[in-house]
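Peer 1: Here it is: the structure, laid out below.
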Amino acid sequence: MDFKELGIIEPILKALKQQGYTHPTPIQEQAIPILLNRKDLLGCAQTGTGKTAAFTIPILQHLYNSKEDYKGKRKIRSLIITPTRELAIQIDESIKTYGKYTGIKNTVIFGGVKQGAQTDALRRGVDILVATPGRLLDLISQGYISLQDIKYFVLDEADQMLDMGFIHDIKKVIAKLPFKRQSLFFSATMPPSIVELSSKILGNYEKITIKPEQATAEKVEQALFFVSKANKSKLLIHLIEENENASVLVFSRTKHGSDKIVRQLGKASIKAAAIHGNKSQNARQKALSSFKKGELNVLIATDIAARGIDIDDLSVVINYDLPNIPETYVHRIGRTGRAKASGVALSFCNQEEKAYLKDIQKLIKQQIPVIEEHPYVLDENEEIPVPPKQNKNQRKKQHRRSGTKPKEGENSKKPQRRKFNPRNKNKSN
Ligand code: AMP
């Protein structure tokens, strides 16, 4: 099946061809006919599957086909809500790319920046608006946005939206939408709260599910390193140094943790930047764009900041901390191995995280291959309970008191380095 067979119009086909898309991804193959048929859709799918094109192409096509019905100033006829600024910007860029030859206008609004440029764009008139919930409601209340002409509504990453506490904002937006509309609802997971929310948004809908396994197991080469919490930064430095020019996205569970990793890498003369909620919008965009351009090889991100981020040519994803929600693992490793590429995902697992690992392996229905030989292999007894940080003298004192000997490698002796090349995992195994 190709895009033409899906009934996509020429101006969009031309743009897709320019992007080098030859065939629709599974979600596009399933969703596009439903949406062109003007049915509501419940999509259980994560980013990395080609989801954005799956929902933006039919919206562009509907708007293009009804262009003649709309004379005068453009009115917002399609609203796409998504939880993070990065994701909003990315969707906006995708619409520009796919809609290049349609004459449809779109813009994006999000918080954390001055509103002037955004309200100027709105004043000039747009057909499609991509928004994060807070700024959307803010500009509605200031009278810059009216939702009364919305014909196509998309709620993207609904589970993340609830996790981030946007439920009340979403309900307020829904209350302002016209009753007659086509609604699309996407979520990577479908817990009961999401099903309930979807019932408030969707009318007579069709459901499609793109299983996470489809997106991960088939395309991403995964590997696991058992390593103590204390040795994680050393292992990270080791892997980065061994893969000098690779672009590496490192996931940290916390904002504080990601800043700490940046500092530790800095001490080893490795340039890295962190993106998370405490960073200003400008700092996040700057870090992301230098990473995308290849000026910066290492980016440390929290899950929320990195959600949906699309980076071409991302070589390696490293899970510095294993996530406690197994679906998050799938999201993270989906950053590499995007629709058109294959990737490598390396995960660090300490003693405490073994329970998370079990859940992840259950979800992806596979055992992640373990790299048995690396310089910082976890000693099972090493870290229960995790000891408070001690300097060399304190450690010596403790050993003197308890009559124990320092563990191998404990006293700053540099461990032997063994080359690990993720693309040659089997050879180094
Ligand atoms: P998404 O899930 O929308 O974030 O898309 C993931 C990545 O797949 C993006 O880099 C898209 O540019 C790319 N992509 C989407 N559809 C296709 C396709 N049919 N063929 C090749 N790449 C695609």
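Peer 1: Helix 167-176 versus the longest principal axis of the chain: what angle, 0 to 90°, nearest 10, using Cα atoms?
Peer 2: The answer is roughly 10 degrees.
Peer 1: Can you pull the one-decimal nm distance between simple spin-label points at Val113 and Ala283, each 7 Å off the Cα toward Cβ?
Peer 2: Distance between label points: 1.7 nm.
Peer 1: Related question: Please build a GNM for the chain, connecting alpha carbons under 10 Å apart, and tell me which residue among Phe186, Phe348, Phe166 fluctuates the most.
Peer 2: Maximum fluctuation in the GNM of the chain, among the listed residues, is at Phe166.
Peer 1: Farthest toward the dipole's positive end in the chain, which of Leu363, Gly277, Ala305, given Cβ charges of +1 (Lys, Arg) and -1 (Asp, Glu) about the Cα centre?
Peer 2: Toward the positive end, the furthest listed residue is Gly277.
Peer 1: For region 3-210, build the charge dipole from Cβ charges (+1 Lys, Arg; -1 Asp, Glu) around the Cα centre, then report which of Ile12, Ile210, Ile145 sits farthest towards its positive end.
Peer 2: Of the options given, the answer is Ile145.
Peer 1: Would you work out the charge dipole size for region 1-147 about its Cα centre, treating the Cβ of every Lys and Arg as +1 and the Cβ of every Asp and Glu as -1, and quote it to the nearest 20 debye?
Peer 2: Numbers: 20 positive and 13 negative charges, 107 e Å.
Around 520 debye, computed over region 1-147.
Peer 1: As a test of the formula, what do you get for the chain when each DSSP H run with n ≥ 4 contributes -39,500 (n - 2.57) and the sum is divided by the residue count, at 222 nm and rounded to the nearest 500 deg cm²/dmol?
Peer 2: Details: 18 runs with 174 residues, N = 429.
When only DSSP H runs of four or more count, the value is -12000 deg cm²/dmol.
Peer 1: Compute the whole-percent fraction of alpha carbon pairs in region 3-210 spaced more than 33 Å apart.
Peer 2: Beyond 33 Å sits 8 percent of the P(r) for region 3-210.
Peer 1: Report, in debye and to the nearest 20, how large the dipole of region 21-103 comes out about its Cα centre when Lys and Arg carry +1 and Asp and Glu carry -1 on their Cβ. Write down the numbers at each step before the final one.
Peer 2: Details: 12 positive and 7 negative charges, 85 e Å.
In total the dipole reaches around 400 debye.
Peer 1: Could you pull out every one of the aspartates and glutamates with an alpha carbon less than 18 Å from that of Lys354, ignoring same-chain neighbours closer than 8 positions?
Peer 2: Asp321, Glu327, Glu372, Asp379, Glu380, Glu382, Glu383
Peer 1: In addition: Calculate the dipole size of the chain relative to its Cα centre from +1 charges on Lys and Arg beta carbons and -1 charges on Asp and Glu beta carbons; express the result in debye to the nearest 20. Don't skip to the end; give the middle numbers.
Peer 2: Values: 70 positive and 46 negative charges, 282 e Å.
The dipole magnitude comes to about 1360 debye.
Peer 1: Also: Consider a paramagnetic label point 7 Å from the Cα of Ser66 along Cα→Cβ; state which residues of region 158-202 have an amide N under 18 Å from it.
Peer 2: Under cut-off, by backbone N: 176-185, 202.
Peer 1: Could you name the aspartates and glutamates in cross-link range of Lys279, using Cα to Cα under 16 Å and dropping any fewer than eight places away on the same chain?
Peer 2: Counting by Cα, and skipping residues close in sequence, Lys279 has these aspartates and glutamates nearby: Glu86, Asp259, Asp303.
Peer 1: Which length gain, in nm to one decimal place, applies between Gln148 and Ile174 when the Cα-Cα distance is subtracted from 0.36 nm times their residue separation?
Peer 2: On the way: separation 26, 0.36 × 26 = 9.36 nm, distance 1.12 nm.
Gain in length upon complete extension: 8.2 nm.
Peer 1: In vacuum, with every alpha carbon of the chain counted as one equal point scatterer, what does the Debye formula give for log10 I(q)/I(0) at q = 0.09, 0.14 Å⁻¹? Two decimals, please.
Peer 2: -0.61, -1.28
Peer 1: Quick one: what are the phi-derived ³J(HN,Hα) couplings along region 278-285, Karplus 6.51/-1.76/1.60 with θ = phi - 60°, whole Hz, x for glycine and proline?
Peer 2: 7, 8, 5, 4, 5, 5, 5, 5
Peer 1: Ok, one more. Cross-link list Lys73/Lys286; Lys114/Lys292; Lys4/Lys293: which exceed 29 angstrom alpha carbon to alpha carbon? The partial results should precede the final answer.
Peer 2: On the way: Lys73/Lys286 34 Å; Lys114/Lys292 24 Å; Lys4/Lys293 32 Å.
In this structure, Lys73/Lys286; Lys4/Lys293 exceed 29 Å between Cα atoms.
Peer 1: Calculated FRET efficiency, Asp359 and Arg74, Cβ-Cβ r, R0 60 Å, to nearest 0.05? Don't skip to the end; give the middle numbers.
Peer 2: On the way: r = 48 Å, r/R0 = 0.79.
Efficiency, from the Cβ-Cβ distance: 0.80.
FYI, it's all coordinate maths here, none of it is from the lab. This structure is a prediction, so every number in the text was calculated from the model and none was measured. For neighbour counting, all protein chains shown are included, and Cβ atoms are generated from backbone atoms with ideal geometry for every residue, glycine included.
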